[in-house]
Amino acid sequence: MTAIESVAGLRTLRPPSWARDAGAVILLVVVYVVFRDRWVLAHNDGAAPFQFLNDVRDWVNDHRNSSPIFVYFFNYISIGIGDLVSAFQTVLHGMGWIGVTATAGAIGWVFSGWRIGLTALAGFLAFGVLGLWDESVDTLALTVAAVLLSLLVGFPLGVLAGRSGRVRRLLTPALDVMQIMPTFAYLTPMTLIFLIGPPAATIATMIYAIPPAIRITALGIREVPHESVEAAVSLGSTRWQTLRKVQLPMAKPAIVLAVNQTIMMALSMVVITALIDAPGLGQNIVQALEQVNVGMAFDAGMAIVIMAIALDRLTRGAGRRGDRTHGDGAAGWPARRRTLVGAAALLAIAAVFGGKAVSPDFPSGANFRFAPYVNDLVNWVELHLFSVTDAIKNVCTYALLNPLQNVLTSAPWWLVVVAVFALGLRVSGLRPASTAAGCLALVAALGLWQHGMETMATVLVATVLTLATGCVLGVWTARSRAFSAVLRPVLDAAQTMPSFVYLLPAVALFGTTRFTAIVAAVIYAFPPVVRLVEEGIRGVPVTVVEAATAAGSTPRQLLWKVQLPMARRGLLLAANQGIVMVLAMVVVGGLVGAGALGYDVVAGFSQTTDFGKGLAAGIAIVLLGVMLDRITQGAGGRATEERAAGQAR
């Protein structure tokens, strides 16, 4: 027997991968049965990490008025940001509703075209029609201030990260934490340092909105063709000239997208900052949540959606119009465009001064509210569909959530860590598996193991429901352009609507339970999953689909045998984004009975004695997010490696 035949024989004796996986699962089940309820880390409100963080809070409170870092640094930052927000509020309120609306329409007309101008005009008029003009202006002022500061910080950092791999590697972990950290967790340290009010709200919004500004700007700089940069350098351009003359102009689409996404993220955060006394529409939504008034929250949520759409169209349209006119005239602006700008400016000024004299307040007779109709619909559903909603809640709770939570909380903590490491090793590789296991170990070290496992059970169930809903709708939209056109505005509204708004219909239908938080998380998280699944299916080459169809594949075979396997990376990204979005709702769900880490964060924010536990719970949620992210993100790369290895053999 030759050496090659011996190796081939050994390979045939090796059990198949499914058998090894089944053996590992059976081994884990046996160990769980033997050691169940042993080495379980029960929750302890007096854990050492909580006490340490409480001591930090006490030190800050004791030195707030005496330490130079507060007196001469944080206080001046707070005053400066507060003055900036107040200045925007004063200007916008002083312009009057006619002036602000006309100015928005004029800006859209000049920079984006007459269609976008009409969209902006109609959008701003809608704020008054909904009876929410003053609140909308306050939200706009806070958003503009937060976006301006975010871009002033994020744009230079994005340029540096795009030009330096070292800077990018230094910033990436911080950006990961900023994006995974629950929004509620930002509020606690912000109020500790800056107290409640617009300054703390603006800085919390900045923390949430800066990551996309940095990441997208850096991506745009990196994607500038290397040949263009080399050509500029060979002609004697300095680094500054290369950046200004080559990289920034060629990265303009990415920079416009960075501005757009920063605005969207800021709008989604300013509502939550209402809990720390931020002015605007968030106050209406929080009040509606306290009263369980779905209609009131719907009106305020619609105002935010309309504002997001108007600002989105303005920024995207300005980017496209700038590309078309670049290079015309002495400075890129033809004489006709300069005339248009002057005419629009005169029109806006006339609207400001004339509008204040004609109608300083939006006419109340033009108001139309959706609240009564929405509340009537909710009451009808509660009355006629209670048996259905209650059955859905009970099936999900007793068939999925409770068994999974019981397994995770009764298993030895080290067994769960080993299981996560084995799963990560199988689907993602050694490094992601080690990171995932390390994150779980840190959750145990924080003293939040039991609550962490309860949260993980909720997240996993919500993620399964999100992926099931998103995959079905995503496949449907990918295979039917008519259905895609119908669903697209629904997805746009669902992604823009503040997360608090989702809680109200869920509470009205299911009460304050863990399942309520799951429902709200599914509604919040399924839109990006649908979009990514649709994009993955549509991205399968047409030639492959035609070849499979010519070979006699039925639509079902085409989906399961061709499209879904070839869209694997898109599906994994959809799973990853679904997990991240569900985690973002964990704390919000803590307001309606989700318990566990979400409630800990809320309690830490609202109760002085639980400050340390709440901050530690926010860190624990980040660790769970990193764990799940590394497993799902690494799976795509591992699958590619395995296919390449199989082809090599």
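Each residue in the stretch 170-189 was checked for being closer than 21 Å to residue 583 by Cα, in contact (Cβ under 8 Å) with a residue 24 or more places away in the chain and open to solvent by 20 Å² or more (accessible area, probe 1.4 Å), and 7 pass.
Within the stretch 451-459, does at least one residue satisfy the condition of being assigned to a helix (DSSP H, G or I) and more than 24 Å from the chain's Cα centre (by Cα)? Taking every residue of the stretch 451-459 in turn, none turns out to be assigned to a helix (DSSP H, G or I) and more than 24 Å from the chain's Cα centre (by Cα). Could you give every pair whose Cβ atoms fall below 8 Å, whose first residue belongs to the stretch 282-293 and is at positive phi, and whose second residue is buried (at least 18 other Cβ atoms within 10 Å of the Cβ), counting only separations of at least 6 or pairs across chains? Hits for this filter: 292/504; 292/507; 292/508. None of 323, 312 is assigned to a helix (DSSP H, G or I) and modelled with pLDDT under 60 except 323.
Yes or no, residue by residue, for (1) in contact with a Gly (Cβ under 8 Å, 6 or more places away or on another chain); (2) open to solvent by less than 20 Å² (accessible area, probe 1.4 Å); (3) of a type in the set (Phe, Trp, Tyr); (4) not in a helix (DSSP H, G or I):
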{"residue": "392", "(1), (2), (3), (4)": "no, no, no, no"}
{"residue": "395", "(1), (2), (3), (4)": "no, no, no, no"}
{"residue": "398", "(1), (2), (3), (4)": "no, no, yes, no"}
{"residue": "403", "(1), (2), (3), (4)": "no, no, no, no"}
{"residue": "407", "(1), (2), (3), (4)": "no, no, no, no"}
{"residue": "415", "(1), (2), (3), (4)": "no, yes, no, no"}
{"residue": "418", "(1), (2), (3), (4)": "no, no, no, no"}
{"residue": "425", "(1), (2), (3), (4)": "no, no, no, no"}
{"residue": "441", "(1), (2), (3), (4)": "no, no, no, no"}
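For the stretch 65-115, the set of residues classified as of a type in the set (S, T, N, Q) and not in a helix (DSSP H, G or I) consists of 65, 66, 67, listed by residue number.
If you check 8, 19, 24, which single one turns out to be touching a helix residue (DSSP H, G or I) at 6+ places or on another chain (Cβ under 7 Å), modelled with pLDDT under 85 and part of a helix (DSSP H, G or I)?
Answer to the check: 24.
The residues listed here are 84, 92, 53; of these, the one that is modelled with pLDDT of 90 or more, open to solvent by less than 50 Å² (accessible area, probe 1.4 Å) and among the hydrophobic types (A, V, I, L, M, F, W, C) is 84. The residues of the stretch 368-389 that are in contact (Cβ under 8 Å) with a residue 12 or more places away in the chain, part of a helix (DSSP H, G or I) and over 13 Å from residue 519 (Cα atoms), listed by number, are 371, 372, 373, 374, 375, 378, 381, 382. Of the residues in the stretch 484-507, at least one is farther than 28 Å from residue 555 by Cβ and of a type in the set (Phe, Trp, Tyr). The set of residues in the stretch 363-385 that are surrounded by 12 or more Cβ atoms within 10 Å (Cβ to Cβ) and in contact with a Leu (Cβ under 9 Å, 6 or more places away or on another chain) comprises 367, 369, 370, 378, 381, 382, 385. All of (1) over 26 Å from residue 404 (Cβ atoms); (2) touching a Leu at 6+ places or on another chain (Cβ under 7 Å); (3) not acidic (Asp, Glu) hold for residue 453 with one exception: (1).
Just a yes or no: is a residue in the stretch 637-649 part of a helix (DSSP H, G or I), surrounded by fewer than 20 Cβ atoms within 10 Å (Cβ to Cβ) and modelled with pLDDT of 70 or more? Checked the stretch 637-649: no residue is part of a helix (DSSP H, G or I), surrounded by fewer than 20 Cβ atoms within 10 Å (Cβ to Cβ) and modelled with pLDDT of 70 or more. Figure legend. Inter-residue proximity from the stretch 15-30: first residues over 18 Å from residue 407 (Cβ atoms), second residues part of a helix (DSSP H, G or I), beta-carbon distance below 8 Å, spacing 6+ or different chains. Indicated pairs: 15/23; 21/426.
Scanning the stretch 64-74 for residues that are open to solvent by 60 Å² or more (accessible area, probe 1.4 Å) and under 26 Å from residue 609 (Cα atoms) turns up 65, 66, 69. Could you list all residues from the stretch 206-241 that are under 26 Å from residue 262 (Cβ atoms), outside any helix (DSSP H, G or I) and open to solvent by 30 Å² or more (accessible area, probe 1.4 Å)? Matches in the stretch 206-241: 223, 225.
In summary, helices (runs of 4 or more DSSP H) completely within the stretch 475-575 and bearing 2 or more residues that are of a type in the set (S, T, N, Q) occur at 481-496, 542-550. Just to verify a result, which residue in the stretch 194-227, among those that are without any contact (Cβ under 8 Å) to a residue 40 or more places away in the chain and aliphatic (A, V, I, L, M), is nearest to residue 78 (Cα to Cα)? Among those residues, the one meeting the criterion is 207.
The values are calculated or read from the model by the stated rules, or taken from the named source; none is laboratory data. Nothing here was measured: the structure is a model prediction, and the numbers come from that model. Backbone-built Cβ (ideal geometry, glycine too); neighbour counts: all protein chains shown. Protein only, heavy atoms only, side chains kept; ligands, DNA and RNA dropped before computing areas. Shrake-Rupley method; radii C 1.70, N 1.55, O 1.52, S 1.80 Å.
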